[in-house]
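Heads up: the structure comes next, in structure tokens.
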Amino acid sequence: MNASYAWLRDLVPTTRSPRELADLLTSRVATVEGLRALRADLGPIVVARVVECARHPDSDHLSLTKVDAGDGTLVDVVCGAPNVRAGALYPFAPVGTTMPNGMKIEKRKIRGSLSQGMLCSARELGLGDDHEGILELDIEAAPGTPLLSAMPLGDSILEIDVLPNRPDLLSHLGVAREIAAAEGARVSLPRIPGADGAVAPAFARAPREASAGGTRVMLEDPEGCPRYCGVRIDGLSIGPSPEWLADRIRTMGGRPINNVVDATNYLLHELGQPMHAFDAAKLGGSSIVVRRAHAGERLTTLDGVARALQPWMTVIADGDRAQAVAGVMGGGDSEVTGDTRDLFLEVAHFDPARTRRTRRALGLSTDASYRFERGTDSELPPRALARAVELITAVAGGTVQGSAVDLYPHAIEPRALVLRPERVAHILGEPVAPDDIRRYLEGIGFEVDASTNDQPIPEARRSISGSMRVRAPSWRRDIEREIDLIEEVARLHGYDRFSDELRPYRHGTVPFDATEHAAARVREALVAEGLLEARPMPFVAGDDATHVRVANPLAENEAHLRTSLLETLARRAEHNLAGMQRSVRLFEVGAAFARSGDRLPYEEMRAAAVVLGDRHPSHFTDDATSHADEWDAKWLAEVMARAAHPEAAIELSPSATGEGALWQVMVDGAPRGEVRRLELDAPPWAAPAYGIEVTISRVPSQPVADPGTGASDRSSRRDRGAARHGAAVQYTPLPTTPASGFDVALLVPDALPVARIEDAMRRSLGPLLERMQLLSEFRGGSVPAGHRSVAWSLTLRHPERTLESREVAGRRDKLLRTLEGELGISQRTS
């Protein structure tokens, strides 16, 4: 969206510069990606002060001046203007400047005196017709200040990145609303020159059909066009637009065409409401019909291309044929030209999805379709039509014939929402006062604690204590839930006003796993003891007999998973020693792995620490610094164990598990860690190193099925295991072949467990079984006493091909034979 700075100031009074306005919009609503001055030709012009002024000795109308242009030296300028005086500020064009009229400023002698630049008049700058004197500036600016920075000359374009959820910003009115809300101002449409005394047309409102003057308007496709407004204006004089209107069209990058077309384009940019004018004399049958296109119907659009229409497309037709593609482009047969005297003006609300589909099918994109397919304001058409009548009659004359029509079969009601201030505080992290919430939302058009259209907000929602009842304005259809309102409050409050403090807060309803809480306690305790956390990769150089090999290792020299955190933490300690760091106090919280009977390893979450060197940081007041010893390591082991298992009984007993082992960490009588002396690849001056490792928890895992077990069977057992034991879910690829299945109902003795039947089903159906779902259990009726009817839904899938119906039937027959032979149960037949 390109927005004119001058146009925005016409809608809302603001003293902000274009740059300040761009920063405001970026911080509150949408990113302003660029700011472009339309008078870039004035870029070289600076503000200058005339320091000295004297009459030219060889001329009675020239003055010799010395000018301060901000570069530290005074320049001589010969000036022929009668109003030049010492001490005043003027626009100054330095040597080398190309003026708006193409003249280049050069050093030259005038009546024997050197002139190094030019003091400029309004006409020379293209700012007016006054050429009698230079333009004296009544501003506060230092010499050398660029004129465009010192004064709001010309216009500037704000290039706004409007996201799809904010189509209301595709207009100057929508952007002005946001500015007004930020500044506490009001938005008002600018007065149209020559429209004084204009009277808004009366509206004939009906669901499907009404008359606008001599034109009958019928709405036959309310799905594609939920609202349609139109008016007949006769006696127009088509011609060039007045200069103010043509300037606005050129500012927006358009080309003035004629006063009627320019008026509709003006309102497109002002209100964001596309509209289309038809030459009434070219409409057949004196009627307008909004309908679906006929099969095989064609239309030559305004770009001169004959287009084939599809029956699902919405068109605007007369009594004979289609005259426009709804929401996209009008037809060339009813185009407004210089000969037009009477017109029918259309202002409508078209369905966004239908418009998008039509535009893509026709390969045709316009300013109108861009807005319609993002969603225009359904309540805007009558107001936009009244504004259009005012503008068109002011610039092209004409008289409204009869009433304007407003066909609106099903009113689109705004959604009623409930906003809880406590929820705002919970989501945003800090409270926002209810009065501020109300002020923010009402400032951009929301209704708070109010009802509209005599439809109160449901009583069930009134019972929420302290809540606010909110209705979004018609131009904000993106507001659907309470969280959307909270987002509005956040941006209007100002993102920069929220604290940047990192707080211990986790949004959500799912609690952390107990292991995460334990790991956090261990980290906090070890940091308090002066240790630093390391996070090395869990890969080591092991062997297949003692370590688990990674299927796709990052490097062959580290192709195995560590069995102990001290394996990798010791390497970090050696790295520090190699860098001449004598004292090392490192810890890690991570996973260690061990081989198991199946292909997936056992995994434990552990905490480990390595200490060597100074017991505490040295200080110049210390006589000597002692080294950490095994008793320091024992103390750290107790700290770690108590942090990981605060409710358990902790005991450290002497260890005899191997060379270097010092103590074994016992948690509730079970071994859960050790303290040991580490053998490092260390220089001779290195102090003894001690390692501590404590198990926090066992990570649940699911054994991999034996080779040959089908993927579907693995999936089924995985789901059951996960449900019973909280096992980790194992990845399986998404299927690429279609599923087949059948239902089966069996007569089952009351004493026979369902689990035995399901195990028999799995064995019978084998790897093709993907899903087994128990549907129902029934007793009584035709079911024999001592039995129950149990029904299952079984899904089969082959991983590589589509199962044929005869294969599925064969599997079903085999299943029934297996169940009858093994368990003595049969299919229920009645």
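The values are calculated or read from the model by the stated rules, or taken from the named source; none is laboratory data. Because the structure is a prediction, the values reported are computed rather than measured. Counting neighbours? That spans all protein chains shown, and the Cβs are built from the backbone with ideal geometry, glycine included. Protein only, heavy atoms only, side chains kept; ligands, DNA and RNA dropped before computing areas. Shrake-Rupley method; radii C 1.70, N 1.55, O 1.52, S 1.80 Å.
Computed over region 136-263, the percent of Cα pairs more than 16 Å apart is 80. From zero up to wherever the largest Cα-Cα distance of region 307-395 sits, split into 5 Å bins and tell me the percent of pairs in each. All Cα pairs considered, the percentages come to 3, 12, 21, 22, 21, 14, 6, 1.
Projecting the Cα atoms of Pro226, Ile238, Pro201 onto the dipole axis of region 200-306, where Lys and Arg carry +1 and Asp and Glu carry -1 at the beta carbon, places Pro226 farthest toward the positive end. Take each peptide in 264-271, 746-753, count the other Cβ atoms within 10 Å of every residue, and average; sorted highest first, the result is 264-271, 746-753. Specify the inter-centroid distance of region 644-684 and region 754-803, based on alpha-carbon positions, in whole Å. When both Cα centres are located, 52 Å separates them. Along each principal axis, taking the top coordinate minus the bottom one, the Cα set of region 592-655 gives 58, 27, 21 Å in descending order. For Gln116, nonlocal amide neighbours, meaning residues 5 or more places apart or on other chains whose placed amide H falls under 5 Å from its own, are Asp76, Val77, Val78. Less than 30 Å apart at the alpha-carbon level, and either on another chain or at least 8 residues along: which lysines does that give for Lys66? Leaving aside lysines fewer than 8 places away in the same chain, those within reach of Lys66 are Lys104, Lys107, Lys109.
Ligands, DNA and RNA left out, the 1.4 Å accessible surface of the chain is 49% carbon and sulfur atoms. The Cα-based radius of gyration of region 1-129, divided by its Kirkwood radius, gives an Rg/Rh of 1.11.
Length, then width, then depth: along the principal axes, the Cα atoms of region 211-289 run 39, 30, 15 Å.
Using 0.36 nm per residue, how much length does the chain from Leu600 to Glu647 gain when fully extended, once their Cα-Cα distance is taken away? Please report the intermediate quantities before stating the final value.
Numbers: separation 47, 0.36 × 47 = 16.92 nm, distance 3.12 nm.
Additional length available on full extension: 13.8 nm.
Dividing the summed -39500 (n - 2.57) terms of all DSSP H runs of n ≥ 4 by the residue count of the chain sets its mean residue ellipticity at 222 nm at -8000 deg cm²/dmol.
What dipole magnitude, in Debye to the nearest 20, does region 163-299 give about its Cα centre under +1 on Lys/Arg Cβ and -1 on Asp/Glu Cβ? Approximately 220 debye in magnitude. Under a model in which nothing but the beta-carbon of Lys, Arg (+1) and Asp, Glu (-1) is charged, the chain shows a dipole of about 2200 debye around its Cα centre. Between the listed residues Val347, Leu794, Leu302, the Cα displaced farthest toward the positive end of the dipole of the chain, a dipole computed from Cβ unit charges relative to the Cα centre, is found at Leu794.
What ranking do 314-325, 295-306 get when scored by the average of other Cβ atoms within 10 Å per residue, highest first?
Numbers: 314-325: 22.6, 295-306: 13.2.
The most tightly packed comes first, giving 314-325, 295-306.
Compute the long axis of helix 565-578 from its Cα atoms, compare it with the longest principal axis of the Cα atoms of the chain, and write down the angle in degrees, 0 to 90, nearest 10. Computed tilt is about 70 degrees. Positive end of the dipole of the chain (Cβ unit charges, origin at the Cα centre): among Leu816, Thr26, Pro409, the Cα lying farthest that way belongs to Leu816.
For the peptides 187-198, 421-432, the ranking by packing is 421-432, 187-198, with the highest mean count of neighbouring Cβ atoms within 10 Å listed first.
Against the 2.2 N^0.38 Å scaling, with N counting residues, where does region 240-285 land? I'd like the Cα-based Rg ratio to two decimal places. Walk me through the numbers on the way to the answer.
Details: Rg = 11.9 Å, N = 46, 2.2 N^0.38 = 9.4 Å.
Compared with the compact-globule rule of thumb, region 240-285 sits at 1.26.
For the chain, the longest principal axis of the Cα atoms and the long axis of helix 18-28 meet at an angle of about 30 degrees.
Trp685 exposes around 90 Å² of accessible area when a 1.4 Å probe is run over every protein chain in place.
Would you kindly give the portion of the calculated P(r) for the chain that falls above 44 Å, as a percent of all Cα pairs?
62
Over region 213-361, what portion of Cα pair distances is larger than 19 Å, expressed as a whole percent?
On the way: 5809 of 11026 pairs.
Counting pairs separated by more than 19 Å, the tail of P(r) holds 53 percent.
Backbone phi angles across region 526-539, fed through the Karplus curve with coefficients 6.51, -1.76 and 1.60 (θ = phi - 60°), yield HN-Hα couplings of 6, 5, 5, 7, x, 8, 10, 8, 10, 9, x, 6, x, 9 Hz in residue order; Gly and Pro are listed as x. Phi-derived couplings, Karplus 6.51 cos²θ - 1.76 cosθ + 1.60 at θ = phi - 60°, listed residue by residue for region 766-782: x, x, 6, 6, 9, 8, 10, 10, 6, 8, 7, 9, 9, 10, x, x, 7 Hz, with x used for Gly and Pro.
A Cβ-based charge dipole, computed about the Cα centre of region 1-116 with Lys and Arg at +1 and Asp and Glu at -1, lands at about 100 debye.
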